[in-house]
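The block underneath contains the structure these notes are about, expressed in structure tokens.
The values are calculated or read from the model by the stated rules, or taken from the named source; none is laboratory data. Since this is a predicted model, take the numbers as computed values, not measurements. Here the Cβ positions follow ideal geometry from the backbone for every residue, glycine too, while neighbour counts run over all protein chains shown.
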Amino acid sequence: MKTSPMTRRTALVLGGAAILTPATGLMHPAQAAGLAPTPTMRGGANNYRPDAPIVDRIGGGGFWMTGTVRRAGDGAPLPGQRIQMWAHTTEGHERDPHSHGATLTDANGVFRLEMPQIVPAFGQAHGHLAYDSGAFKTVFLRPLMARPSDTTLNVDFVLEPA
């Protein structure tokens, strides 16, 4: 196998996206060593319902919950992880069963689920998300929206082994 010499231009193009192993000259993807796990947020488990069904959409839609799920330490994306969501929306309260649903992450650890527009509850527009199944520690999140008129909320999880 022929390897190209490392030049200043090659190093600039890589921009830290890979690591060159001197002994072999082979390239390896860079890892996010030391990525800390996401802590559970206070109030995140409020109105939680275990085992909410995996759904294509909650209610009539119009609002998107999105995010990524990565492994603590190396930051590798975690495909096939179940993320549950619920909120106070234009179609129901966060305690209502029809306001809950779950989705799975894709091959890149990305999730997306459409739901009705989130509206303020107790003065704050917020969603609830949970990772609650599998080989990683349970995490409950309660992120606030920047503005009640926002139509998306992006939330990232970094999970640590259980």
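Below is a table of values for the structure above.
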quantity	calculated
Any hit, segment 75-84, residues being touching a residue at least 40 places away in the same chain (Cβ under 8 Å) and over 19 Å from Glu160 (Cα atoms)	no
Cross-chain or 6+ apart pairs with Cβ under 8 Å, segment 104-124 first and touching a residue at least 24 places away in the same chain (Cβ under 8 Å) and part of a strand (DSSP E or B), then surrounded by fewer than 14 Cβ atoms within 10 Å (Cβ to Cβ) and polar (S, T, N, Q)	none
Residue in segment 136-160 that is surrounded by the fewest Cβ atoms within 10 Å (Cβ to Cβ), counting only those that are in contact (Cβ under 8 Å) with a residue 12 or more places away in the chain and more than 16 Å from the chain's Cα centre (by Cα)	Arg147
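Matching residues to (1) modelled with pLDDT of 95 or more; (2) basic (Lys, Arg); (3) assigned to a loop (DSSP other than H, G, I, E, B):
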| residue | (1), (2), (3) |
| --- | --- |
| Thr3 | no, no, yes |
| Arg9 | no, yes, no |
| Leu12 | no, no, no |
| Gly16 | no, no, yes |
| Pro37 | yes, no, yes |
| Thr40 | yes, no, yes |
| Asn47 | yes, no, yes |
| Gly59 | yes, no, yes |
| Met65 | yes, no, no |
